[in-house]
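The values are calculated or read from the model by the stated rules, or taken from the named source; none is laboratory data. It should be emphasised that the depicted structure is a prediction, and the values quoted were computed from it without experimental measurement. Here Cβ is always computed from backbone atoms with ideal geometry, including for glycine, and neighbour counts include all displayed protein chains. Accessible surface is based on the protein model in full, side chains and every heavy atom, while ligands, DNA and RNA are left aside. Shrake-Rupley method; radii C 1.70, N 1.55, O 1.52, S 1.80 Å.
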Amino acid sequence: MTTQEQQKEASKVYTFRDEDVQRAHDLVGTYHAVTQREQFTRATPDVMRNFARSYGDDNPLFVDEEHGLDTRWGGQIAPPMINIALTRDLLADPIPKEQRRPSFRGIHVFVSGTTTNWYRPVYDGDTLYSFQGFSDVELKESEFAGRSLIVTRSHVQMNQRAEVVQVQNVISIHTERHESKKRNKYQAIEPASYTPDDIGKIDEIYAAEQRRGSSARYYEDVKVGDGLGTMAKGPLTATDMVVFHSGGYGFAPYTPCTGRLAYQNRQRIAPFYIPNEQGVPDVAQRIHWDSDYARSIGLPAAYDYGMMRDCWLSHYLTDWMGDDAWLVTMSSQMRKFNYEGDTHTITGEIVGKRVEDGWHLVDIELRGISQRGEVTCPATAIIALPSRESGLAALPTPPEDLEATARQILARHGELRAAARAVRN
């Protein structure tokens, strides 16, 4: 396809196809191996450190090879959200045509919320694999973008031993780009601006932030109503987005790249490349760092990734809970955009505590609030704390059906890999 043909293709008006919507409904409950890798495939000290630092996390448990040796984990472990940057491709049998995921060609997609359950830590040397499928599909009318499709996709992450590490349910909203541009719902939002005094107040929050670290936070020492403190994030800049990408996020499945690789990628997914103001095909993903492009589809500025705010929320929780605790689950919503220039403060409090089957659990409500006073990312979490009476926090047990699927998928991966080696030899 020539460049001119690509530009013509990219300028088309795309709408939902009924067959794509029906296919999405038909696939609910069907899991397939993920055969495309993320930016990284194996956990190393560098990968863990750089991913944590990409969203502003300096917790020694995640960034220091030596610190973890003196903790219950016996070594450095990865931050909770490492799954968004770390996945190795699986070998698998071809997916039957009737089970292939719809392409939603030319449709804009953004994450609106997630629920993640964590079961095991990720250590130096671990490889992560994934299988996924639709768990819910809903077609509705949206004030922002007209006809929208809300898809919940379950991502199951396992290590090289077929042990389920975590399960993440991601809610994504698919919208028709031409509708969001016509409606211009958010054009009235003014870009944020700051005086030196404003920046000074944000800096005071950064300076006051505390990380619990190796000083255990015991279940017996916390009570309902306790606050978790305040964390600052922002003001958001294009540099923040570049740094987040450098930590590994945002490459699969679209694989933004440069030079000849970008040319080859354009041949693969031409509608993903939208000509910029100079007529140059560029990734639609640039909506996260190119405010001119964001305005062209009805938004006032570039905005962050929902997964970035999930990283922020998990950073807030792990700073508070300390090295000996375990983040059991976190559920978040992305209710508002976080635009370039916006600043967030994250606050939270304990809303419940209980002992269940020997677990010492606390229930947390938390949220990120923009400088406009809007709660853009409310969330809830459950944390297992160590107990002065019973000791270390126990780890959850993964669902047996998912562990069985993990063993089956990884075994088939091994069979196909062995068969390919035999052919080569």
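Can Phe110 be described as under 16 Å from the mean Cα position of the chain (by Cα) and open to solvent by 20 Å² or more (accessible area, probe 1.4 Å)? Show your work before the answer.
On the way: under 16 Å from the mean Cα position of the chain (by Cα): yes; open to solvent by 20 Å² or more (accessible area, probe 1.4 Å): yes.
For Phe110, the condition - under 16 Å from the mean Cα position of the chain (by Cα) and open to solvent by 20 Å² or more (accessible area, probe 1.4 Å) - is met.
So which residues in the range 190-235 are open to solvent by less than 70 Å² (accessible area, probe 1.4 Å), in contact with a strand residue (DSSP E or B) (Cβ under 7 Å, 6 or more places away or on another chain) and assigned to a loop (DSSP other than H, G, I, E, B), if there are any at all?
Of everything in the range 190-235, those that are open to solvent by less than 70 Å² (accessible area, probe 1.4 Å), in contact with a strand residue (DSSP E or B) (Cβ under 7 Å, 6 or more places away or on another chain) and assigned to a loop (DSSP other than H, G, I, E, B) turn out to be Glu209, Tyr218, Val222, Gly225, Asp226, Gly234.
Among the helices (runs of 4 or more DSSP H) lying completely within the range 1-56, list those that include at least 1 residues that are at pLDDT 95 or above and open to solvent by 60 Å² or more (accessible area, probe 1.4 Å).
By residue number, 45-54.
Does Val156 count as among the hydrophobic types (A, V, I, L, M, F, W, C), at pLDDT below 95 and part of a strand (DSSP E or B)? Reasoning before the result, please.
Numbers: among the hydrophobic types (A, V, I, L, M, F, W, C): yes; at pLDDT below 95: no; part of a strand (DSSP E or B): yes.
Taking the combined requirement at face value, the residue does not satisfy it.
Might you let me know whether the range 294-302 holds any residue that is under 19 Å from Glu374 (Cβ atoms), free of Cβ contacts under 8 Å to residues at least 60 places away in the same chain, open to solvent by less than 40 Å² (accessible area, probe 1.4 Å) and assigned to a helix (DSSP H, G or I)?
yes
So for the range 290-304 (the condition being within 30 Å of Thr71 (Cβ to Cβ) and within 19 Å of the chain's Cα centre (by Cα)), does at least one residue qualify?
No, the range 290-304 has no match at all.
If I go through the range 334-345 residue by residue, how many of them are under 27 Å from Leu61 (Cα atoms) and not in a loop (DSSP other than H, G, I, E, B)?
So the answer is 2.
Can you confirm whether the range 361-382 contains a residue that is assigned to a loop (DSSP other than H, G, I, E, B) and touching a strand residue (DSSP E or B) at 6+ places or on another chain (Cβ under 9 Å)? Steps first, answer last, please.
Here is the first cut: in the range 361-382, the ones assigned to a loop (DSSP other than H, G, I, E, B) are 371-374.
Filter once more, so that each one left must be touching a strand residue (DSSP E or B) at 6+ places or on another chain (Cβ under 9 Å): 371.
Yes, the range 361-382 has at least one match.
For the range 57-112, enumerate the residues that are outside any helix (DSSP H, G or I) and basic (Lys, Arg).
If the condition is that a residue be outside any helix (DSSP H, G or I) and basic (Lys, Arg), then Arg72, Arg88, Arg100, Arg101, Arg105 are the ones that fit.
Scan the range 239-253 and give yes if some residue there is under 19 Å from Ile107 (Cα atoms) and open to solvent by 40 Å² or more (accessible area, probe 1.4 Å), otherwise no.
Yes, the conditions are met somewhere in the range 239-253.
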